[in-house]
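The values are calculated or read from the model by the stated rules, or taken from the named source; none is laboratory data. In this text, all values refer to a predicted model and were calculated from it rather than measured experimentally. All Cβ positions, glycine included, derive from the backbone under ideal geometry; neighbour counts span all protein chains shown. These accessible areas exclude ligands, DNA and RNA; they are computed on the full protein's heavy atoms, side chains included. Shrake-Rupley method; radii C 1.70, N 1.55, O 1.52, S 1.80 Å.
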Amino acid sequence: MALRNILIHPDPRLKKVTAPVSSVNDDLRRLADDMLETMYDAPGIGLAAPQIAVMSRMLVMDCAKEEAATPEPMVLINPEIVWSSDERNVYEEGCLSIPEQYAEVERPTEVEVKWTDLNGASKRERFDGLWATCVQHEIDHLDGKLFIDYLKPLKRQMITRKMQKLKREMARS
Ligand code: GNR
Ligand code: NI
């Protein structure tokens, strides 16, 4: 297992649509391990492959409450939203690729998602609460979309400039 570097916005790779995973093999299982390790280390509740510069449709997440004794790691391969509730919900979102910036985003309260698991089996599940917000945020990453794309242009620009400055400082040290 290995920690991977997380790309910071702005980066052209975070704006690309990812390619479907064509086979579930040991390389992919190792990638899932690395993604979970990187997500827990950050720490974050989700991580999409393009955030570590892997341009494949795959994400990991664990939105279990911190008080929960057992972690609930999930790995979703080629996930697709097959149903969204009309009801919407506002959540203050953050992103490991946009460190320390938070903003309210409105999304469907519940979604039903189908995906392939690490055994190659088809799965389908309905998500609500933080899980619903997180899985939509992660699937957006697979389509080259960031939570700041939902904000007004001025606010988005302000955040992007802060990130450009942060990246310059990171490059100097
Ligand atoms: O760790 C994360 N927290 C979070 C909080 C609210 C809504 C979405 C998220 S996902 C984020 C990790 C991340 O950037 N995943 O892509
Ligand atoms: Ni994110």
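Near GLU112, within a Cβ-to-Cβ distance under 10 Å, what is the net charge of the other residues, with Lys and Arg +1 and Asp and Glu -1?
Its environment carries a net charge of 0.
Heads up, I need the accessible area for LYS145: 1.4 angstrom probe, whole protein in place, Å², nearest 10.
Its heavy atoms expose roughly 70 Å² to the probe.
Regarding the stretch 102-154, what are the three Cα extents along the principal axes, ordered largest first, in Å?
44, 22, 14
Send over a whole-number figure in Å² for the accessible area per residue of the stretch 107-173, probe 1.4 Å.
57
Below 19 Å, Cα to Cα, which lysines can LYS155 reach? Residues fewer than 8 away in the same chain don't count.
In chain and number order, the partners are LYS15, LYS145, LYS165, LYS167.
Alpha carbon centre of the stretch 130-173 versus the stretch 43-73: separation in Å?
The two parts, judged by their Cα centres, are 17 Å apart.
Using the crude model of +1 on Lys and Arg Cβ and -1 on Asp and Glu Cβ, and no other charge, please compute the dipole size for the chain relative to its Cα centre, in debye to 20. If you can, show how the numbers build up before the last one.
Working: 24 positive and 29 negative charges, 220 e Å.
About 1060 debye.
Run lengths n ≥ 4 of DSSP H only: what is the helix-derived mean residue ellipticity at 222 nm for the chain, with -39500 (n - 2.57) per run over all residues, to the nearest 500?
-9500 deg cm²/dmol
Can you give the accessible area of GLU67 in Å² (nearest 10), computed on protein heavy atoms with a 1.4 Å probe?
For GLU67, the solvent-accessible surface is approximately 150 Å².
Accessible surface of GLU125 in the full protein assembly, 1.4 angstrom probe, to the nearest 10 Å²?
So the heavy atoms of GLU125 present about 80 Å² to solvent.
Would you work out what percent of the accessible area of the stretch 54-112, with all protein chains in place, is carbon or sulfur (probe 1.4 Å)?
43
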